[in-house]
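Worksheet for the structure shown next.
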């Protein structure tokens, strides 16, 4: 994508939509992981699909659409947000 919208990113809005609380320190603890997600978002070729998905889905959906190149990272961030789990 080229032109004025080429650098448009929706990473923060996507994180909010899928329930990642940026203020809880998850992003700070996983700074390198977040940096990779940020760069993927900059280079993403699905910005229009992303905008449409964000416009039509409810807050706190809990899942990332399959077109998102950050699905794996967002899953990791959500798991880290939940904290360690005890195994019984």
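The values are calculated or read from the model by the stated rules, or taken from the named source; none is laboratory data. Being a predicted model, the structure only gives us computed values, none of them experimental. Please note: Cβ atoms are built from the backbone with ideal geometry, for glycine as well, and neighbour counts cover all protein chains shown.
Keeping to the range 1-35, report how many residues are surrounded by 10 or more Cβ atoms within 10 Å (Cβ to Cβ), in a helix (DSSP H, G or I) and modelled with pLDDT under 85.
8
Looking at the range 65-85, which of the residues that are in contact with a helix residue (DSSP H, G or I) (Cβ under 8 Å, 6 or more places away or on another chain) and in a loop (DSSP other than H, G, I, E, B) is modelled with the lowest pLDDT?
The selected residue is 65.
Quick one: what pairs do we get from the range 68-86, first residue farther than 11 Å from residue 33 by Cα, second crowded, with 17+ Cβ neighbours inside 10 Å and modelled with pLDDT under 80, C-beta under 8 Å, 6+ apart or different chains?
If the second residue must be crowded, with 17+ Cβ neighbours inside 10 Å and modelled with pLDDT under 80, the pairs left are 80/26; 80/30; 81/26.
Within the range 54-64, can one find any residue that is assigned to a helix (DSSP H, G or I), over 15 Å from residue 11 (Cβ atoms) and touching a residue at least 12 places away in the same chain (Cβ under 8 Å)?
No, every residue in the range 54-64 fails to be assigned to a helix (DSSP H, G or I), over 15 Å from residue 11 (Cβ atoms) and touching a residue at least 12 places away in the same chain (Cβ under 8 Å).
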